[in-house]
1. Hey, rough spin-label estimate for residue 121 and residue 74, points 7 angstrom out along Cα→Cβ, what's it come to in nanometres?
2. Arranged from highest to lowest average of other beta-carbon atoms within 10 Å per residue, in what order do the peptides 33-41, 103-111, 9-17 appear?
3. Check which residues have an amide H placed less than 5 Å from residue 47's amide H, if you skip close sequence neighbours.
4. What Kirkwood radius, in Å to one decimal, follows from the Cα pairs of the chain?
5. Return the ratio Rg/(2.2 N^0.38 Å) for region 43-102, where Rg is computed over Cα atoms only.
6. Using modelled amide H (1.01 Å from N, peptide plane; none on Pro or chain starts), what sits under 5 Å from the amide H of residue 86, excluding residues fewer than 5 places away?
7. Can you list the HN-Hα couplings for region 54-61, worked out from phi with the Karplus curve (6.51, -1.76, 1.60; θ = phi - 60°), rounded to whole Hz and with x for Gly and Pro?
8. How many percent of Cα pairs in region 7-68 exceed 15 Å?
Amino acid sequence: VQLQASGGGLVQAGGSLRLSCAASGRSFSDRAMAWFRQAPGKEREFVASISRRGISTNYLDSVKGRFTISRDNTKNTVYLQMNSLKPEDTAVYYCASGLPLKWSSLFQSDYDSWGQGTLVTVSS
């Protein structure tokens, strides 16, 4: 599956953004999906993941209650709704796809398809 992320931009602290990741290919609904992010000078980290039918989700502790991952299998798209954004959320955000049994994985190695990244900048 090929992935294309979009929706990043510049937002003030406390604001909101919604990221989208459009997938091409026939197997989107059979895949776990996730968002990772990489801040300047830091390693890429897990943000959120969702099971193939969207029933189960997993989040990085620091985004729980602020971010929501969802998917629409009829549109081959996964979303990340980000509310109450903080300057420390500034990063390039990547969507990723993996095998369904690994839907809750925090590890990059469990995801085998990656989007190109979209930049989110949160100003203070």
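Here, each number is a calculation from the coordinates, and none is a lab measurement. Fair warning: this is a prediction, and the values are worked out from it, not measured in the lab. Glycine also receives a Cβ, built like all others from the backbone with ideal geometry; neighbour counts cover every protein chain displayed.
1. 3.8
2. 33-41, 103-111, 9-17
3. For residue 47, the qualifying residues are 35, 36, 37.
4. Hydrodynamic radius (Kirkwood, Cα only) of the chain equals 14.0 Å.
5. Rounded to two decimals, the normalised Rg is 1.14.
6. It is 14, by chain and number.
7. For region 54-61, the Karplus curve yields x, 7, 10, 9, 9, 9, 5, 4 Hz.
8. Across region 7-68, Cα pairs with separations above 15 Å total 62 percent.
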